[in-house]
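The structure under discussion appears below in the form of structure tokens.
The values are calculated or read from the model by the stated rules, or taken from the named source; none is laboratory data. Fair warning: this is a prediction, and the values are worked out from it, not measured in the lab. Neighbour counts are summed over all protein chains in view; Cβ atoms, including those assigned to glycine, are modelled from backbone coordinates with ideal geometry. Ligands, DNA and RNA are stripped out before the accessible areas are found, and what is left, the full protein with its side chains, is counted by its heavy atoms. Shrake-Rupley method; radii C 1.70, N 1.55, O 1.52, S 1.80 Å.
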Amino acid sequence: MPSDAPFIPLAVPVTGAAEARNLQACIDENFVSSVGPFVTRFEEMVAASTGAAGAVATSAGTTGLHVALVAAGVTRDDLVVLPTFTFIASANAIAHCGALPWLMDIEAKSWNLDLDQLDSEFRRHTQRDGGILRHRATGRRIAAVMPVYCLGMPLDFDRLNAFAEEWGVPVVADAAAAIGVRWRGQPLAAAGLLSVISFNGNKTATAGGGGMVVSRDKELIALVRHLTTTARTSADYTHDRVGFNYRLTNLQAAVGCAQMERLDELVAAKRRISAVYERAFSQIPGIVPFPNPPGAESGCWFSGLVIEDSRLPSPVSLSSALRDKRIEARTFWKPVHLQAPFADAPRAESLRVSEDLWQRVLTLPCSTNLSEAEQDRVIGVVRDLLHA
Ligand SMILES: *Cc1c(COP(=O)(O)O)cnc(C)c1O
């Protein structure tokens with residue numbers, strides 16, 4: 001393929017006539033800011049699709065995570081359990097509360113929080129102190145557990161809820177990339193207290209930018225709404241606590257509504273793309289597919305492969321060779337414990353799986369409008385590079 005071949009991006013938004021129509025309606029009705037019918041409709045659509053009792057739109061996934069943690073009671077000097085293999089935004093949201101992540105490992109079969117390790121860390125490294133669960137080494141209160149649905153892959157909702165019940169610790173899920181997921185038929189909001197979805201431009205469905213906090217608990221949803229709208233108690237500028245301006249605009253929600261209308265199609269496209277890559281590379285020795293554990297209906301946000309055999313080219317060299325062929329491919333998350341701002345965060349006894357995995361992952365083009373011909377081209381180039 002010549003180097004002037006069309007560029008194939010990693011993951012871009014796909015918008016069209018429905019988005020344009022909704023945006024025009026915002027202008028026609030002069031609802032361009034945080035007041036307007038699309039915000040409410042967007043919230044209702046996401047609540048319905050995730051099995052939630054309610055949803056609150058936020059300016060980003062990150063701000064949604066921040067406000068969800070505050071609503072769950074996370075405060076200064078607390079610890080929040082977090083898998084180290086995640087996007088930095090999860091850890092930043094914890095830091096924005098004045099808290100620190102307690103970093104744990106992932107399990108190899110799902111790339112999600114290792115629930116066995118979580119259990120053993122709690123048994124070995126926490127103690128009750130006047131009803132408050134504390135981390136022994138630091139004395140910090142353990143305020144929440146934040147699982148991350150890596151690549152849009154849910155983890156065992158039943159086990160997660162049983163754990164939260166046993167220890168009395170709230171679960172706030174980073175479900176940023178997980179719109180459309182189910183665990184053994186249960187929708188996203190069935191897990192934990194609060195879940196947060198991102199509608200950033202590179203996610204399966206986008207609002208340009210934005211987030212959504214969902215829950216089965218109506219009172220919590222009301223609290224999140226209160227916090228995102230400056231904690232105002234009346235129209236005369238009275239506020240009862242330190243709140244946030246984390247609202248989404250009607251313009252963004254207009255795009256989000258159009259995307260939600262064809263969510264099934266978008267998720268189906270993601271799953272199809274992922275399955276095609278899996279089939280294409282399954283015969284190549286030293287390559288393993290992204291995880292696909294039983295019980296999980298993944299949203300397949302990102303697709304790609306794992307280089308198991310160190311004699312094969314590394315993801316870094318593959319992504320640069322692919323760039324020369326006008327194909328965007330990227331390495332994946334560098335774990336949080338290797339990031340300067342979180343180098344001193346408490347961590348589990350072992351982070352072996354994350355440390356072993358992160359430099360072996362390559363993500364490949366997976367926009368929902370990726371054509372069969374484009375995907376064939378990507379597969380052909382990757383095969384050639386692996387065999388060279
Ligand atoms: C995208 C993403 C976020 C952040 O969402 P924004 O809307 O970009 O703020 C957080 N966590 C994970 C796991 C993500 O993939």
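Calculate the dipole size of segment 18-162 relative to its Cα centre from +1 charges on Lys and Arg beta carbons and -1 charges on Asp and Glu beta carbons; express the result in debye to the nearest 20.
540 debye
By accessible area of protein heavy atoms, probe 1.4 Å, what ranking do 88, 179 get, highest first?
Per-residue accessible area, sorted high to low, gives 88, 179.
From zero up to wherever the largest Cα-Cα distance of the chain sits, split into 10 Å bins and tell me the percent of pairs in each.
5, 23, 31, 25, 12, 3, 0
Calculate the length of the line joining the C-alpha centroid of segment 247-270 to that of segment 131-174, in whole Å.
29 Å
Work out Dmax and Rg for segment 156-310 from the C-alpha atoms and quote the Rg first, both in angstrom.
My reading of the Cα-based Rg and Dmax gives 19.1, 68 Å.
Give me the dipole magnitude in Debye, nearest 20, for the chain about the Cα centre, with unit charges on the beta carbon: positive for Lys and Arg, negative for Asp and Glu.
Dipole about the Cα centre, nearest 20: 300 debye.
May I ask for the longest run of the chain untouched by GluC sites (Glu not before Pro) that are loop-located per DSSP and have at most 15 neighbouring C-beta atoms (other than their own) within 10 Å?
1-307
What are the lysines whose alpha-carbon lies under 24 Å from the alpha-carbon of residue 203, with same-chain residues fewer than 8 places away excluded?
109, 270, 334
Let a ≥ b ≥ c be the square roots of the eigenvalues of the Cα gyration tensor of segment 180-240; is it rounded (a/c under 1.5), or, if not, prolate (a/b larger than b/c) or oblate?
Since a/c reaches 1.5 but b/c is at least a/b, the shape of segment 180-240 is classed as oblate.
For segment 284-388, report the convex hull volume of the alpha-carbon atoms normalised per residue, in Å³, without decimals.
Taking the convex hull of the Cα positions in segment 284-388, it is 153 Å³ per residue.
Over the alpha-carbon set of segment 86-161, divide Rg by the Kirkwood Rh and report the Rg/Rh ratio to two decimals.
That ratio is 0.97, to two decimals.
In whole Hz, what ³J(HN,Hα) sequence does segment 287-299 give by Karplus (6.51, -1.76, 1.60; θ = phi - 60°), x for Gly and Pro?
10, 10, x, 5, x, 8, x, x, x, 8, 9, 6, x
Where the centre of each part is set by its Cα atoms, how far does segment 332-382 sit from segment 200-218, in angstrom?
Segment 332-382 and segment 200-218 have Cα centres spaced 22 Å from each other.
How large, in percent, is the carbon and sulfur part of the accessible surface of the chain at a probe radius of 1.4 Å?
Here it works out to 50 percent.
Toward the positive end of the charge dipole of segment 86-157, about the Cα centre and with charges on Cβ (Lys, Arg +1; Asp, Glu -1), which of 95, 130, 111 goes farthest?
Ranked along the dipole, the leading option is 130.
Which value, in Å³ per residue, describes the convex hull spanned by the Cα atoms of segment 110-220?
Roughly 122 Å³ of hull volume per residue.
Compute the signed sum of charges (Lys and Arg +1, Asp and Glu -1) over the other residues within less than 12 Å, Cβ to Cβ, of residue 177.
+1
Hey, how many Å between the Cα centroid of segment 15-66 and the Cα centroid of segment 76-121?
So the two Cα centres are separated by 29 Å.
Place a +1 charge on the Cβ of each Lys and Arg in segment 257-388 and a -1 charge on the Cβ of each Asp and Glu, then give the dipole magnitude about the Cα centre in debye, rounded to the nearest 20.
Computed about the Cα centre, the dipole is about 240 debye.
Per the helix-only calculation at 222 nm, which mean residue ellipticity applies to the chain, given -39500 (n - 2.57) for every DSSP H run of n ≥ 4 and division by its residues, nearest 500 deg cm²/dmol?
So the calculated ellipticity at 222 nm is -11500 deg cm²/dmol.
Per residue, how large is the accessible surface of segment 230-379? Use a 1.4 angstrom probe and give square angstrom.
Heavy-atom SASA per residue in segment 230-379 reads 50 Å².
Considering only the chain, what is the antiparallel percent among its DSSP beta bridges, to the nearest 5?
Around 65 percent of the beta bridges assigned by DSSP in the chain are antiparallel ones.
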